[in-house]
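The values are calculated or read from the model by the stated rules, or taken from the named source; none is laboratory data. Nothing here was measured: the structure is a model prediction, and the numbers come from that model. So basically every Cβ, Gly included, is an ideal-geometry build from the backbone, and we count neighbours across all protein chains shown.
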Amino acid sequence: MKTKYYLLFIPIGIVYFIGMFNDVMEVDASQYAAMSREMLESGSYLQLYDRGLNYLDKPPLLFWVSAFSFKLFGISNFTYKLPSVLFSLLGIFATYQLGKRLYGEKTGFYSALILASCQAWFMMNQDIRTDTILAACTIFGIWQLFIFMDQQKFVHLTLGSIGAAGAMLTKGPIGLMVPALSIGFFLLVERDWKNLFNWKWLLVPVIVTFCISPFLYGLYQQYDLQPGKLIQGEPIQSGVKFYLWTQSFGRITGESVWKDDTTQLFFTHTFLWAFLPWCVLFVVALWRDTVELVKSRLHLVNGYTALTWGGFVFPFIAFSLSHYKLPHYIFVIFPLAAIMSANFLGCLMENGTMLWQTRWKWIQLFVLSLVYALGVLLCTWVFPMTNPISWTVVLIGIGASIYFVWKGTSTFEKLVLPSAIAIIILNFLLNSHFYPTLFHFTTSNQAAKMVKAQGGEQNFKTLNQVLYGLDVYSQRTIPNYSTVDELLKNSNDKTMWVYTNEPGYQEILASGAKVMEDKKMEHFHISTLSMIFLNPKTRSKEIEYKYLIKIDTSNL
């Protein structure tokens with residue numbers, strides 16, 4: 001593979017870097033950032049709390065590494081995202097190494113490029129949740145365990161087990177399920193009974209248990225020794241059982257309280273946008289691999305299709321059967337999807353007929369046209385962009401894509417490079433313009449920054465509003481009150497800052513409190529974008545108003 005093509009990772013990394021300075025997004029990312037700050041402040045690392053209340057939804061690894069980053073570098077958007085982005089780079093590297101080991105250096109490069117440049121991976125490096133670390137640890141574990149199968153060295157078994165343990169400490173048993181399905185299905189299809197029944201596999205659960213045991217002990221202390229604590233209105237008898245079973249598998253069996261009205265096809269259409277611009281490539285690759293497995297009657301010899309196919313398809317089916325679904329749940333298997341796509345792409349470029357290459361070129365033109373059209377639409381109609389430098393970058397990107405489609409000197413430059421450039425340009429626009437503009441509607445972040453800039457965070461309260469951005473950007477847990485009387489009684493200074501909604505604002509005015517300043521702000525839950533909001537003409541229908549009020553409490 002030509003060294004110059006590796007330079008593509010530089011603009012990808014620049015786009016990641018730009019996104020690291022954007023605000024954290026309500027609800028998940030801001031909640032996790034606030035909990036990481038709270039963990040650092042309280043020193044409670046084994047028992048998790050959310051605004052002082054028992055928390056059981058996610059394991060602690062994201063909170064641990066973020067709190068550690070806060071301790072080293074201070075609290076900021078960048079320092080919250082830094083550990084997860086570093087894990088993301090580890091995931092890209094592990095994907096490269098596994099693809100290289102399976103199919104050669106070119107496929108390793110294609111795998112890493114496809115993963116690093118798919119839409120989901122850009123999103124995961126901007127809106128940091130648990131899935132970034134989960135996906136990275138999972139593919140790292142699969143890579144190391146695959147090497148162990150080949151070399152039988154204890155170091156790789158240990159590293160693979162640590163990877164799986166890291167994934168479990170990020171989001172529970174799914175971190176062990178994906179490697180087990182990937183490796184297990186591969187050994188079954190290969191009829192590799194010697195490796196399948198190798199006694200050394202018994203060391204994996206031992207190492208994993210050792211790694212997660214501090215958290216299990218914390219759960220046991222927090223819940224099992226004090227059964228009946230309410231989490232989301234449900235009594236918890238065992239925190240250990242909830243972590244190992246209910247929170248993950250309970251969503252399939254129906255034991256979990258989390259349910260929504262999504263269908264079994266939810267992740268199918270989610271994948272199509274999340275894996276842009278490589279989704280069509282993957283669909284063809286999946287079809288080819290499935291046909292190959294069926295024709296071989298699940299008896300491939302010296303082939304690696306089963307490793308990636310089993311690690312992708314079986315978890316995908318399990319996720320689709322869940323009673324509660326969110327788009328990012330499937331991102332954990334995207335590294336395997338990248339390797340499957342890369343393997344097919346390599347075959348297409350080296351062995352594909354001119355007819356197939358021409359078809360792919362036209363498919364690519366269609367996809368990258370959609371990508372560019374989306375970027376231009378977002379920056380002209382939704383949130384008009386006036387920065388001439390940004391528009392210059394867009395024009396250069398469009399020109400480069402068109403040039404390489406028609407004048408590229410290699411099949412890579414003609415069939416891959418234009419799409420990679422297009423998705424990089426789109427996410428450059430998202431991270432440098434769209435998201436920063438969108439965050440103006442996250443009033444919790446804006447209000448907290450304004451109050452902290454004036455030194456009022458010590459007497460900052462909320463009235464019937466709990467938004468984690470307030471805690472993150474005030475760098476303290478902001479107390480919430482349900483009545484005006486209760487709010488006013490808890491002032492500890494001559495002035496008080498209050499964040500509230502329209503009814504709360506009217507209650508404060510009716511109470512006779514002396515309002516010194518008030519700021520009316522347009523608010524929208526930006527994690528759930530809608531066409532009504534994106535359309536400037538109808539945006540006002542989706543907007544609600546929040547208020548930041550400064551009250552004179554000297555005479556109370």
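With respect to residue 418, determine if the residue is of a type outside the set (Lys, Arg) and under 21 Å from residue 19 (Cα atoms). Can you show your working first?
Details: of a type outside the set (Lys, Arg): yes; under 21 Å from residue 19 (Cα atoms): no.
No; evaluated as a whole, the condition is false for this residue.
Is it true that some residue in the stretch 226-235 is part of a loop (DSSP other than H, G, I, E, B), surrounded by fewer than 18 Cβ atoms within 10 Å (Cβ to Cβ) and at negative phi? Checking the stretch 226-235: at least one residue is part of a loop (DSSP other than H, G, I, E, B), surrounded by fewer than 18 Cβ atoms within 10 Å (Cβ to Cβ) and at negative phi. Of all residues in the stretch 313-368, those satisfying the criterion of being of a type in the set (Ser, Thr, Tyr), crowded, with 21+ Cβ neighbours inside 10 Å and part of a helix (DSSP H, G or I) are 329, 341. Every condition in (1) touching a helix residue (DSSP H, G or I) at 6+ places or on another chain (Cβ under 9 Å); (2) surrounded by fewer than 23 Cβ atoms within 10 Å (Cβ to Cβ); (3) closer than 30 Å to residue 105 by Cα holds for residue 3 except the one numbered (1). Applying the condition of being without any contact (Cβ under 8 Å) to a residue 24 or more places away in the chain and among the aromatic types (Phe, Trp, Tyr) to the stretch 86-96 and asking which residue is surrounded by the most Cβ atoms within 10 Å (Cβ to Cβ) yields 96.
Taken as a whole, the stretch 123-136 holds at least one residue that is surrounded by fewer than 24 Cβ atoms within 10 Å (Cβ to Cβ) and in a helix (DSSP H, G or I). Kindly evaluate residue 66 against the criterion of being within 28 Å of residue 327 (Cβ to Cβ), within 22 Å of the chain's Cα centre (by Cα) and free of Cβ contacts under 8 Å to residues at least 40 places away in the same chain. It is true that residue 66 is within 28 Å of residue 327 (Cβ to Cβ), within 22 Å of the chain's Cα centre (by Cα) and free of Cβ contacts under 8 Å to residues at least 40 places away in the same chain.
Taken over the stretch 157-198, residues that are assigned to a helix (DSSP H, G or I) and either more than 30 Å from residue 59 (Cα to Cα) or among the aliphatic types (A, V, I, L, M) (or both) amount to 23.
Residues considered: 477, 495, 443. Of these, the only one that is in contact (Cβ under 8 Å) with a residue 24 or more places away in the chain and within 30 Å of residue 379 (Cα to Cα) is 443. Could you look through the stretch 487-507, keep only residues that are modelled with pLDDT of 90 or more and either of a type in the set (S, T, N, Q) or over 25 Å from residue 75 (Cα atoms) (or both), and pick out the one that is surrounded by the fewest Cβ atoms within 10 Å (Cβ to Cβ)? Filtering first and then ranking leaves 503.
Here's the yes/no breakdown for (1) buried (at least 17 other Cβ atoms within 10 Å of the Cβ); (2) outside the structural domain of residue 234 (by TED's automatic domain parsing); (3) in contact with a Cys (Cβ under 7 Å, 6 or more places away or on another chain); (4) part of a loop (DSSP other than H, G, I, E, B):
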| residue | (1), (2), (3), (4) |
| --- | --- |
| 41 | no, no, no, no |
| 56 | yes, no, no, yes |
| 59 | yes, no, no, yes |
| 84 | yes, no, no, no |
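One residue is enough: does the stretch 403-423 have a residue meeting the conditions touching a Pro at 6+ places or on another chain (Cβ under 9 Å), within 25 Å of residue 29 (Cβ to Cβ) and surrounded by 17 or more Cβ atoms within 10 Å (Cβ to Cβ)? For the stretch 403-423, residues touching a Pro at 6+ places or on another chain (Cβ under 9 Å), within 25 Å of residue 29 (Cβ to Cβ) and surrounded by 17 or more Cβ atoms within 10 Å (Cβ to Cβ): present.
Looking at 140, 148, which is the one that is part of a helix (DSSP H, G or I), over 30 Å from residue 276 (Cβ atoms), at pLDDT 95 or above and not assigned by TED's automatic domain parsing to the domain that holds residue 412?
The conditions single out 148.
Once the stretch 34-58 is narrowed to residues that are modelled with pLDDT of 95 or more and within 20 Å of the chain's Cα centre (by Cα), the residue that is farthest from residue 231 (Cα to Cα) is 37. Tallying residues that are surrounded by fewer than 19 Cβ atoms within 10 Å (Cβ to Cβ), assigned to a helix (DSSP H, G or I) and not aromatic (Phe, Trp, Tyr) within the stretch 65-81 yields 2. In this structure, is residue 217 crowded, with 17+ Cβ neighbours inside 10 Å and either closer than 29 Å to residue 183 by Cα or touching a residue at least 40 places away in the same chain (Cβ under 8 Å) (or both)? Taking the combined requirement at face value, the residue does not satisfy it. For the stretch 403-418, the tally of residues that are outside any helix (DSSP H, G or I) and either of a type in the set (Val, Ile, Thr) or within 32 Å of the chain's Cα centre (by Cα) (or both) stands at 2. Here residue 386 meets the list (1) in a helix (DSSP H, G or I); (2) among the β-branched types (Val, Ile, Thr); (3) over 30 Å from residue 31 (Cβ atoms) almost entirely, failing just condition (1).
Results for (1) under 25 Å from residue 542 (Cα atoms); (2) at pLDDT 95 or above; (3) not assigned by TED's automatic domain parsing to the domain that holds residue 15, shown as yes or no for each residue.
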| site | (1), (2), (3) |
| --- | --- |
| 368 | no, no, yes |
| 402 | no, no, yes |
| 411 | no, no, yes |
| 414 | no, no, yes |
| 426 | no, yes, yes |
| 431 | yes, yes, yes |
| 435 | yes, yes, yes |
| 452 | no, no, yes |
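Of the candidates 487, 509, 548, the single residue that is farther than 24 Å from residue 33 by Cβ, outside any loop (DSSP other than H, G, I, E, B), assigned by TED's automatic domain parsing to the domain that holds residue 460 and under 38 Å from the mean Cα position of the chain (by Cα) is 487.
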